[in-house]
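Have a look at the structure below, then the notes.
The values are calculated or read from the model by the stated rules, or taken from the named source; none is laboratory data. Nothing here was measured: the structure is a model prediction, and the numbers come from that model. Methodologically, a virtual Cβ is constructed for each residue, glycine included, from the backbone with ideal geometry; neighbour enumeration extends over all protein chains shown. Quick note on the areas: whole protein, heavy atoms, side chains included, nothing else; ligands and nucleic acids left out. Shrake-Rupley method; radii C 1.70, N 1.55, O 1.52, S 1.80 Å.
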Amino acid sequence: MPDGGIGASNKRREDVRFLTGSGNYTDDINLRGQAHAAFVRSQVAHGKLKKVDTKAAAKMPGVIRIFTGKDFEGIGGLPCGWCVTDRLGNPMQEPAHPVLAQGKVRHVGDPIAVVIAETYEQARDAAEAVEVDIKELPAVIDMKAALNDGAPKVHDDLSSNLCYDWGFVEENREAVDKAIRGAHHVTTLELVNNRLIPNAMEPRVAIGDYNAGTGDSTLYTTSQNPHVIRLLMGAFVLGIPEHKLRVVSPDVGGGFGSKIFHYAEEAFCTFAAKQLKQPVKWTCQRSESFMTDAHGRDHVTKIELALDKDGTFLAVRTDTHANMGAYLSTFAPSIPTWLHGTLMAGNYKTPLIYVNVKAVFTNTVPVDAYRGAGRPEATFQLERVIDKAAREIGMDPIALRRKNFVTEFPYATPVAVEYDTGDYVATMDKLEQIADLKGFDKRAAESKKKGLLRGLGVNCYIEACGIAPSNLVGQLGARAGLYESATVRVNATGGLVVMTGSHSHGQGHETSFPQVVAEMIGIDPSMVEIEHGDTDKAPMGMGTYGSRSIAVGGSAMVRATEKIIAKAKKIAAHLMEASDADIELKDGRFSVAGTDKSVAWGDVTLAAYVPHNYPLEDIEPGLEETAFYDPSNFTYPAGAYACEVEVDPETGKVKVCSFAAADDFGNIINPMIVDGQVHGGIGQGIGQALLENCVYDSDGQLLSASYMDYAMPRADDVPFYSVDHSCQTPCTHNPLGVKGCGEAGAIGSPPAVVNAVVDALQRGGHTHVTHIDMPVSPARVWAAMQG
Amino acid sequence: MYNFDIARPQTVKDAVKALKDDEAQPLGGGQTLIPTLKARLAAPSVLVSLTGISELVGVCRDDDGRICIGAATSHARVAKECAKSYKALAALAARIGDPAVRNRGTIGGSLANNDPSACYPAAALASTATIVTNKREIAADKFFQGMFTTALKDGEIITEVRFVVPQKANYQKFEQPASRFALVGVFVAKFDDGVRVAVTGAAEDGVFRWKAAEQALSKSFKPEVLTDLSAPADRMIGDLHGSPEYRAHLVKVLTGRAVKAA
């Protein structure tokens, strides 16, 4: 086998074009005759749309056409891809989600009209001249207030602002209540999981194109899953069948979940291009992205943990309000439920768990999946309450965790999932080593000399990724399957192209995926190219999110490559006049077992396309295979994280001194890329824990509406990380034994940071401080110290 | 941004002439104005760029030993050229924004804009600077007149800023986490005849002097004398990043640190 197969830290081949400016992002695409779109958006959070007057704007230079909600009457709204069933067995309340506002506006940024002009600046100038008359209505921003009787309704046709009241597992409710009532000790924690604005480096872009000669529509868009957009937009919004609609997502500069969803601007540009018979391009402004990209998190939670005298966990009960925003974004209902409630067992054998989630409509931007999606919210509350419990019962927080670890696998949790493999003791042992926990006291003494309070925060996490078994998620309300696809095309001279439904927008698939195929055949990875992001090229696939690409997409690629190898062996057998069963493939050569006869990979691929000497009576010429892979279970990456901070007791400023992560991702394809994924995830987690906060005022105006007030983590906010993924318990149900690593860092790190800050304050004598909500800003730390 | 014309005068005289247009606006390094234009929050008819006027660029010392900085001098140049002559001022300039901001932004632009969170106003006010314009000389004590408000009149251009170098001085900045402007910044300057303490970032009216601290420090230039003082919270800014009380607290902490470091 040449170097560079599974387990090699090959450098990212895509970085050459990204770092030299030769990438091809959606905004780099400019079509002949293209017009530009500028959206007129609501400046108020809630109001009745009385009049949209476009007369003056229509006369402005370069204006081609102005669209308003009227143009979309009778056209489908944006669909929601998941229906959650509530505690009583009723479907959630599901409001209409128009492309352009119909009658009402429901959040700042809600699109009202669109100006199409010859240049972008002309479109913006004219958009400002569109006169919008809105009767402002009282806005609901606070989730609990939104559920009060008589609260203003976001959607007049719904019975209330409650989307659903979900109980999980409902049958366990009474048993959990009873266990908590009778427990030796109950620790209660109320907390907020702060709302985040995703801020991918590349803002969203959509270009609609229409060929009047063929009747074909094309959408170029910044999506993590072009096939999903083709299905949702084609079938539910615009009524274009898939064979007349192509969706292309070229290089995409980060998504973090925010580019999973089908957005109004995509449907609009596709629709308008057909109406105008000319391409229509929209590029999001950064300030526009703050009020239109789906936000993340935004939970308000009360969690109770019941313990026995010796620290054994008896029961967990949680009560969460989850913000949906003004409309249901594509997968929003599933995030606080199936991606959150099912993880409430964590790494522990708590026998009884009950999760209640009330999803609430408010006059804010829709909230949906953001790196981790539900699992960070589960991990944060569980790992925070465990830390608090340890302090209350006077037990070491690591010892308390170890006491309750799941140690035997497979393990069926009381929240409906079955962990196939794991070794939480091993990852905790590894963490204690790489974080040098024994040296903490010495480091704390050094911090003290500088007048700083040092704290240590440790936590575990588990996540469910490799999303997801289609039959299972179908039962849970998903309106889509969650398989993945791959077509492996072998060319005559032996090179391969893999067309995958997985989409790379920073993950490095173009480097790591070829390593798998190359390893299977025994060739150099440079012989394998990855194609993705074009529905005309790749078979129907579900895209990239939920740390699913290597576990599900990679498995599809393995299955397709297995078919290739099986066929190639038949061809090789024919060439060597041997039996199929005797053919072995090693290091890119086929040989007949027990003989010195062999043919090279290239001989076989050439024979497949120049079939002069070929078993045409048995098999077809050519060498191209497709596979669809549907996983039989989720995968369960898990690990243990440690963070050390220094708190300045005079100013409240927190400095992250060190961060260590011991992860179990199962088998690893490219360790360097895995390191990078963990680094990025921890960076985002530190961002959530210390800096990022999306804040609305009570009228629904976005206060953190730019980088002047929304604090993104920067290089000097994070330390050099110490990451380790040598603890590997391979996944038992996918062919690669992989679990996925994309979200772990963002899931596991926020509680470590907050645990560390609370620990620092406790050690510094501020024993009344048991919790500080994220972001743990200097002002909040100082206020907490004041009591 | 909206369309505008740009004028690039070579002399102050030509700049003043160009500014006669009703909707004309002077452009320094553009580190505030250009983002404002991009956000479509301003629509000048003509921008009069001052950075090409060579007489406005540079650092020198006058006969009184004052440091004289041309209004169109970049922060980066101040950081470099005042490193020996006025260390505290150079250190302040070296920590404004990021390298791009420091290489474009100018001292005159910063003072004329008088952003309540900008760093330079604290230095000017604490160092009894004189703001020289094409028309007159204005003492720093009279120049800053509230948030984004100064004594400058229409058509008046800052040409130079003259700093008296204190015996001891230090600037302490506590950054707002998102913008990294000063959430609170305190410039302490000790002169023969007393101490001046100028505070930026904290107050609704912009930069101000904390006179109680000045009096105490003038008697004894030690951080301990601040122990029983507290900065008044009643005119402090309260926002996402900190309450008025927190800002008042930081004023005291940073003043103490500046005295210690001076």
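Okay, here's what the table says:
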{"item": "Protection-proxy order for peptides A:749-756, A:27-34, A:692-699, each taking the mean of Cβ atoms within 10 Å per residue, highest first", "result": "A:749-756, A:692-699, A:27-34"}
{"item": "DSSP bridge orientation in the range A:498-656 - percent antiparallel, rounded to nearest 5", "result": "75 percent"}
{"item": "Contact order normalised by residue count of the range B:5-49, Cα under 8 Å, 6+ apart, percent", "result": "56 percent"}
{"item": "Tensor-based shape of the range B:168-261 (alpha-carbon gyration tensor, a/c under 1.5 rounded, otherwise prolate or oblate)", "result": "prolate"}
{"item": "Charge dipole (debye, nearest 20) of chain B; +1 at Cβ of Lys and Arg, -1 at Cβ of Asp and Glu", "result": "740 debye"}
{"item": "Positive dipole terminus of chain A, leading residue within A:ILE240, A:THR221, A:ALA390 (C-beta point charges)", "result": "A:ALA390"}
{"item": "Cβ-defined net charge surrounding B:ASP98, 13 Å radius [Lys, Arg +1; Asp, Glu -1]", "result": "+3"}
{"item": "Whole-Hz ³J(HN,Hα) from phi, Karplus 6.51 cos²θ - 1.76 cosθ + 1.60, for the range A:299-311, glycine and proline x", "result": "10, 10, 9, 10, 10, 10, 10, 9, 10, 7, 4, 8, x"}
{"item": "Helical contribution to [θ] at 222 nm, DSSP H n ≥ 4, -39,500 (n - 2.57), averaged over chain A, rounded to 500", "result": "-7500 deg cm²/dmol"}
{"item": "Assigned charges on the beta-carbon of Lys, Arg, Asp, Glu; the protein assembly as shown dipole about Cα centre (debye)", "result": "3120 debye"}
{"item": "The protein assembly as shown shape via C-alpha gyration tensor axes, a/c threshold 1.5", "result": "prolate"}
{"item": "Residues along the range A:631-662 losing 40 Å² or more of accessible surface when the other protein chains are present rather than the chain by itself (probe 1.4 Å)", "result": "A:GLU650, A:THR651"}
{"item": "Heavy-atom accessible area ranking, 1.4 Å probe, most first, across A:TRP782, A:TRP166", "result": "A:TRP782, A:TRP166"}
{"item": "Average beta-carbon neighbours from other chains, 10 Å sphere, peptide A:770-778", "result": "2"}
{"item": "Total charge dipole magnitude, the range B:5-49, about the Cα centre, Cβ charges on Lys, Arg, Asp, Glu only, Debye to nearest 20", "result": "120 debye"}
{"item": "Accessible area (Å², 1.4 Å probe, nearest 10) - B:CYS60", "result": "70 Å²"}
{"item": "Surface accessible to a 1.4 Å probe, per residue, for the residues of the protein assembly as shown, Å²", "result": "38 Å²"}
{"item": "Listed peptides B:204-211, A:654-661 by packing density, highest first (mean Cβ within 10 Å)", "result": "A:654-661, B:204-211"}
{"item": "Accessible-area value, A:MET499, 1.4 Å probe, nucleic acids and ligands omitted, Å²", "result": "10 Å²"}
{"item": "Expected 222 nm ellipticity per residue - DSSP helices of 4 or more, -39500 (n - 2.57), all of chain B, to 500", "result": "-8000 deg cm²/dmol"}
{"item": "Average beta-carbon neighbours from other chains, 10 Å sphere, peptide A:705-714", "result": "4"}
{"item": "Beta bridge orientation in the range B:1-115: antiparallel %, DSSP, nearest 5", "result": "35 percent"}
{"item": "Charge dipole (the protein assembly as shown, unit charges on Cβ, about Cα centre) - positive-most of A:PRO336, A:PRO514, A:SER42", "result": "A:SER42"}
{"item": "Cα-based shape type of the range B:5-49, given that a ≥ b ≥ c are square roots of the gyration tensor eigenvalues and the cut on a/c is 1.5", "result": "oblate"}
{"item": "Length-normalised contact order for chain A - Cα pairs under 8 Å, 6+ apart - percent", "result": "16 percent"}
{"item": "Share of pairwise Cα separations in the range A:277-345, more than 13 Å, in percent", "result": "76 percent"}
{"item": "The range B:59-163: relative contact order as a whole-number percent, Cα under 8 Å and 6+ apart", "result": "28 percent"}
{"item": "Solvent-accessible area, 1.4 Å probe, carbon plus sulfur percent, for the protein assembly as shown", "result": "50 percent"}
{"item": "Furthest towards positive pole of dipole, A:GLY687, A:GLY69, B:ALA202, structure part the protein assembly as shown, Cβ charges", "result": "B:ALA202"}
{"item": "Whole-Hz couplings from phi, Karplus 6.51/-1.76/1.60, listed for the range A:757-771; x for Gly and Pro", "result": "5, 4, 4, 4, 5, 4, 5, x, x, 8, 6, 7, 8, 10, 6"}
{"item": "Neighbour-limited loop hits for trypsin sites (Lys or Arg not before Pro), the range B:1-37 (at most 15 other Cβ within 10 Å; DSSP other than H, G, I, E, B)", "result": "B:LYS20"}
{"item": "Area buried, chain B against chain A - accessible surface, total, 1.4 angstrom probe, square angstrom", "result": "1800 Å²"}
{"item": "At least 30 Å² accessible surface lost relative to isolated chain, residues of the range B:222-261 (1.4 Å probe)", "result": "B:LEU240, B:HIS241, B:TYR246, B:HIS249, B:ARG257"}
{"item": "Relative counts (whole %) of C-alpha pair distances in chain B, using bins that are 10 Å wide", "result": "7, 31, 36, 19, 6, 1"}
